[in-house]
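Take a look at the structure below.
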Amino acid sequence: MRVTLFRSDLSNPAKPSRESRNIEVRGQDIPYVLKRYRGRSSVGLIIDHRGLTVTAPRRASDRFIVDAIQQQADWVLQKLEQWRGRKPLSVLWRDGIVVSFLGEPVTVRRDLFHRGAPALEDSYLLLAASDDGEAMRRQVIDWYRQQARSHFPLRVADFCARFALPAPRVIVSNAETRWGSCNVKREVRLSWRLMKAPPRVIDYVIAHELAHLKHMNHSAAFWALVAHIYPQYKAAQQALRRNDALYRAF
Ligand SMILES: [Zn+2]
């Protein structure tokens, strides 16, 4: 029989300690947040809009942590650079602006003869001539939302049919940074802004959320399921990151 002894410790063992630090990587001064966790055995690096976060074992030495970061110097600098380029673009709403729809350029036109809701004709999105900048913005966003309401459920249904997955409820969201999310009620939320992306990128986000319905984490089993549902997911994932500023522009 094995007996496991727990150290008496009133602090939450899952809660990491946090510390702000700096490190010089190839001559650049990089600030980072160090989070130490009890029970962790390796160093992990995370880069997102907050910058670099390092997760480390509770008792890891400074040398061990610094070495782990330096070993990934190329990756760290490259990722930080990518995030720096990710400021949303601002849009000046006027006749002739070009927007991205399903990965293709579409020119927005105020048309003297056009009445009612926006309509896509070839690569032109026609709006009523009376629309000013703010009205244009609203009309175009409504139009994207409407396209999303038909595109997303069709793609979700297609994946579910092909992989014998129970169909979730699909909700079109207005999220600016979270392209997709899901919950235990089996609701999948997808941002209408994704309609700016090519269909293969939208398919990746859908595959990602469908895989979360089975694995509510980013474990190896989760990524294996994503790869099973959508084998080319890595290229789509990169395309989504590269065009982040474009998709968030409005
Ligand atoms: Zn995820």
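The values are calculated or read from the model by the stated rules, or taken from the named source; none is laboratory data. Please read these numbers as outputs of a predicted model, since none were measured by experiment. Heads up, the Cβs are rebuilt from the backbone with ideal geometry, glycines too, and the neighbour counts pull from every protein chain shown. Quick note on the areas: whole protein, heavy atoms, side chains included, nothing else; ligands and nucleic acids left out. Shrake-Rupley method; radii C 1.70, N 1.55, O 1.52, S 1.80 Å.
Computed quantities for the displayed model
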| read-out | value |
| --- | --- |
| Arg241/Arg169 FRET efficiency (R0 45 Å; Cβ-Cβ; nearest 0.05) | 0.95 |
| Average accessible surface area per residue within segment 109-250, 1.4 Å rolling probe, Å² | 52 Å² |
| Cβ crowding within 10 Å averaged over residues, with 62-68, 160-166 ranked highest first | 62-68, 160-166 |
| 0 to 90° range, to nearest 10: angle between helix 199-214 axis and the chain longest Cα axis | 50 degrees |
| Using alpha-carbon coordinates, inclination of helix 62-71 to the longest axis of the chain, degrees | 40 degrees |
| Tail weight of P(r) past 18 Å, computed on alpha-carbon pairs of segment 17-84, percent | 30 percent |
| Listed residues Ala220, Ala197, Ala119, most fluctuating in the chain (Gaussian network, C-alpha, under 10 Å) | Ala220 |
| Helix 73-84 axis, angle to the chain major axis (alpha carbon atoms, nearest 10°) | 40 degrees |
| Selection from His212, Val170, Ala135, by position along the positive dipole direction of the chain (Cβ) | His212 |
| Gaussian network model of the chain, springs between alpha carbon atoms under 10 Å - residue of Arg38, Arg138, Arg169 with greatest fluctuation | Arg38 |
| Solvent accessible area, Å² - Ser150, 1.4 Å probe, full protein context | 60 Å² |
| Where segment 17-84 is the region considered: accessible area per residue in Å², 1.4 Å probe | 62 Å² |
| Sequence-distant lysines (8 or more away, or on other chains) whose Cα lies within less than 24 Å of Lys196 | Lys79, Lys87, Lys234 |
| Spatial separation of Cα centroids for segment 51-65 and segment 96-116, in angstrom | 50 Å |
| Tyr124 accessible area, assembled protein chains, probe 1.4 Å, Å² | 100 Å² |
| Convex hull volume per residue in cubic angstrom - Cα atoms of segment 145-250 | 90 Å³ |
| Computed E for Glu134/Lys185 - FRET, C-beta separation, R0 25 angstrom, nearest 0.05 | 0.10 |
| With every protein chain in place, the chain: carbon and sulfur % of accessible area (1.4 Å) | 51 percent |
| Long-range HN-HN contacts of Ile171 with modeled amide H, under 5 Å | Val188, Arg189, Leu190 |
| Histogram of C-alpha separations across the chain, 5 Å bin width, % | 1, 5, 10, 12, 13, 13, 12, 11, 9, 6, 4, 2, 1, 1, 0, 0, 0 |
| Leu102-Asp29 pseudo-label distance in nm [points 7 Å out on the Cα-to-Cβ vector] | 5.1 nm |
